[in-house]
Amino acid sequence: TILILDFGSQYSHLITRRIRECGVYCELLPCTQRIADLKFKPKGVILSGSPYSITDEGAPHVDPAVFELGVPVLGICYGLQQIALNKGGQSSLATKREYGYAELNVHHHPDHPTADKLFKGVDTKTIVWMSHGDHLESPPNGFIIIGSTSTSEYAAVAHEEEHIYGIQFHPEVSHSVEGTKILSNFVVDICGASTNWSMDSFIEKEIERIRTLVGPHGTVIGAVSGGVDSTVAAVLMKRAIGDRFHAILVDNGVMRLNECETVKKTLDDSLGINLTVADASELFLSKLKGVKDPEKKRKIIGNTFIEVFEAEAHRIDAENEKQGRDKIEWLLQGTLYPDVIESISFKGPSATIKSHHNVGGLLEDMRLNLIEPLRELFKDEVRSLGLLLGIPEDLIWRHPFPGPGIAIRVLGEVTPSQVQIARLADNIYIEEIKKAGLYRKISQAYAALLPVRSVGVMGDQRTYEQVIALRAVETKDFMTADWFEFPHDILKRISNRIINEVQGVNRVVYDISSKPPGTIEWE
Ligand code: XMP
């Protein structure tokens with residue numbers, strides 16, 4: 001295992017990611033981690049960058065015991081300043097802050113083979129990505145210079161005997177052309193970490209961890225939505241503890257066409273998960289009656305969800321008691337790594353633009369412990385895991401679907417007939433996208449029903465009906481997105497089908513707004 005200590009840099013998770021790409025297992029822990037409390041002996045330690053300057057009041061510091069572990073240490077950016085601080089070098093605020101591309105001149109030292117290992121196979125001039133305010137005024141004692149840029153004389157330093165390396169640039173970002181090679185040199189050649197981390201080993205390890213946590217009789221519940229994260233988490237639980245895991249699918253009345261049945265079929269019939277479907281569609285729709293404000297819709301759906309889920313959990317608990325089984329003690333959540341990073345990082349929570357619904361309230365109400373089997377994984381890793389677990393491909397590649405569902409895609413008041421129109425249109429839209437082989441290219445697509453009527457003519461009759469807005473975006477992280485450029489003939493077919501097949505719609509428009517300033521959803 002490689003230990004990465006996170007000083008709050010926006011890139012810390014990328015370090016983890018690149019190292020896993022080399023097949024090496026690593027763990028990211030907050031920089032406040034005491035070395036004496038570590039539960040494993042790392043093969044090497046990486047100190048990340050940070051939004052802090054080393055001279056800031058309250059700037060975080062590494063436990064000096066890191067340097068007593070007797071394993072190689074690599075400091076990146078702020079991590080380099082931490083090395084200097086501990087090893088007697090001089091850091092100062094750079095007179096010129098450096099952001100973006102820089103050309104690194106690699107200094108090879110054939111007479112210092114260990115120091116030389118970090119840049120083994122790296123070009124003597126290589127493009128790296130800088131993002132820093134501090135820089136080294138002088139290297140610590142015993143360190144030699146292994147790289148410099150036009151503004152940082154000591155952009156990369158190394159200590160031959162102590163196996164300590166410091167670099168000013170960020171090898172983890174893709175703009176650092178040979179960054180992965182440098183990280184691989186560190187973890188594989190310098191630390192000697194084995195390159196056997198794979199999804200298979202992850203599955204075994206995680207199943208073992210779940211079994212130990214939950215114990216031989218413990219019971220776990222979790223909500224499933226039919227999305228990839230909750231499904232993968234559920235299948236993993238099923239593998240670990242069988243029917244002691246109860247999945248609950250809440251039908252909130254604003255899911256897509258036939259979605260509840262489809263999800264039930266896959267999870268229950270094919271994957272063998274112990275699933276309860278709680279049909280609460282009428283309850284949700286009655287609570288949504290007359291509500292137009294999107295945030296209010298979200299709150300109602302979030303709260304009602306908790307209400308229904310809790311009632312189900314209590315029912316299962318009562319059932320368990322009757323059968324002499326243990327009380328439910330665990331709540332499964334499909335939290336992914338990026339969410340974990342958000343909460344351990346020094347950056348503080350990012351501003352909430354929309355209140356996304358979650359089931360956090362359940363923990364307090366039912367005094368449940370959280371179990372999060374995907375907390376180490378990135379989205380694409382969850383997908384490969386899902387495939388290995390035998391989850392069907394079309395579920396693995398499903399576009400994300402918001403918790404409040406079609407309620408935020410029917411603009412204005414949500415009524416059963418409006419939901420049905422949006423559902424039918426959405427179904428045609430997605431069907432045609434799949435037929436055209438574009439589904440995987442698009443990150444998210446849906447049809448929204450606008451609360452306006454426009455005049456049309458159908459046959460000899462004048463119509464006065466509603467508008468469907470089609471949205472399709474391409475994005476990496478859903479933070480920024482661009483609209484998808486459909487071939488026109490496909491748009492034409494979709495529009496024709498929707499207007500002909502969906503009663504109440506006489507006009508279809510295509511949304512050509514990017515995010516920002518638009519958002520992906522219309523509400
Ligand atoms: P926006 O509209 O904010 O959407 O650009 C970004 C991503 O978040 C999804 N989204 C939600 N997901 N509850 C959810 O679970 C919500 O209230 C919600 N609002 C937006 C949206 O579908 C897109 O993937």
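The antiparallel fraction among DSSP beta bridges confined to segment 381-523 stands at about 75%. Based on the alpha carbons, how large is the Rg to Rh ratio for segment 384-523 when Rh follows Kirkwood? So for segment 384-523, dividing Rg by the Kirkwood Rh gives 0.99. Using a simple spin-label model with pseudo-atoms 7 Å out from Cα toward Cβ, residue 33 and residue 160 lie 3.1 nm apart. Taking a straight line from the alpha carbon of residue 289, these lysines sit under 18 Å away, with near neighbours fewer than eight places off in the same chain left out: 297, 299.
Extension gain for residue 239-residue 519 works out to 97.0 nm (0.36 nm per residue, less the C-alpha to C-alpha distance). Each of the peptides 506-517, 277-288 was scored by the mean count of other Cβ atoms within 10 Å over its residues; in descending order, highest first, they stand as 277-288, 506-517.
The calculated FRET efficiency for the pair residue 125 and residue 153, based on their C-beta separation and a Förster distance of 22 Å, comes to about 0.85. Taken over the chain, the alpha-carbon convex hull comes to 171 cubic angstrom per residue.
For the pair residue 103 and residue 279, a Förster radius of 51 Å applied to the C-beta separation gives a FRET efficiency near 0.20, rounded to the nearest 0.05. Excluding residues fewer than 8 places away in the same chain, name every one of the lysines whose C-alpha is closer than 28 Å to that of residue 39. In chain and number order, the partners are 87, 205, 238, 347, 379.
The value for segment 176-332 of Rg(Cα) / (2.2 N^0.38 Å) is 1.37.
Taking θ as phi - 60° and the Karplus parameters 6.51, -1.76 and 1.60, the scalar couplings of segment 260-265 work out to 4, 5, 4, 5, 4, 4 Hz in sequence order, x denoting glycine and proline. For the Cα trace of segment 282-327, dividing Rg by the Kirkwood Rh returns an Rg/Rh value of 1.24.
Bridges between two residues of the chain, per DSSP, are antiparallel at a rate of about 50%.
Summarising the amide proton neighbourhood of residue 77: residues at separation of 5 or more, or on other chains, whose placed amide H is nearer than 5 Å comprise 167, 168, 169. Loop-resident GluC sites (Glu not before Pro) (DSSP state other than H, G, I, E or B) in segment 9-64 with no more than 15 further Cβ atoms inside 10 Å of their Cβ: 57. A protection proxy built from the mean count of other Cβ atoms within 10 Å ranks the segments 127-136, 206-215, 31-40, 142-151, most packed first, as 127-136, 142-151, 206-215, 31-40.
Compute the signed sum of charges (Lys and Arg +1, Asp and Glu -1) over the other residues within less than 10 Å, Cβ to Cβ, of residue 473. Computed value for this residue: -1.
Converting phi to 3J(HN,Hα) with the Karplus coefficients 6.51, -1.76 and 1.60 and the offset θ = phi - 60°, segment 389-404 yields 7, x, 7, x, 3, 5, 6, 4, 9, 4, 5, x, 10, x, x, x Hz in sequence order, with x at every glycine or proline. Distance from the Cα centroid of segment 484-498 to that of segment 380-402 is 27 Å (rounded to whole angstrom). Amide H contacts for residue 251 (H built 1.01 Å from N in the peptide plane; partners 5 or more residues away or on another chain; cut-off under 5 Å): 278, 279, 280. For the pair residue 261 and residue 204, label points projected 7 Å from Cα toward Cβ lie 4.3 nm apart. Protection proxy ranking, highest mean first, for peptides 481-489, 221-229: 221-229, 481-489, where packing is the per-residue count of other beta-carbon atoms within 10 Å, averaged. Simple rule: put +1 on each Lys or Arg Cβ and -1 on each Asp or Glu Cβ in segment 4-56, find the dipole, and look at 10, 24, 36; the Cα lying farthest toward the positive end is 24. Dipole magnitude for the chain: computed about the Cα centre from +1 point charges on Lys and Arg Cβ and -1 point charges on Asp and Glu Cβ, it is near 1200 debye. Per-residue extension of 0.36 nm, minus the Cα-Cα distance of residue 56 and residue 326, leaves a gain of 92.1 nm for this segment.
Near residue 467, the amide H atoms lying under 5 Å from its own belong to 450, 452; only residues 5 or more places off or on other chains count, and H is placed 1.01 Å from N. Taking a straight Cα-Cα cut-off under 24 Å and skipping sequence neighbours fewer than 8 places away in the same chain, the lysines within cross-link reach of residue 492 are 434, 435, 441.
Taken together, the values in this text are just the output of simple stated rules run on the coordinates, not laboratory data. The structure presented is a predicted model; accordingly, all values stated were derived computationally and were not measured. Ideal geometry is used to build each Cβ from the backbone, glycine not excepted, and the neighbour counts take in all protein chains shown.
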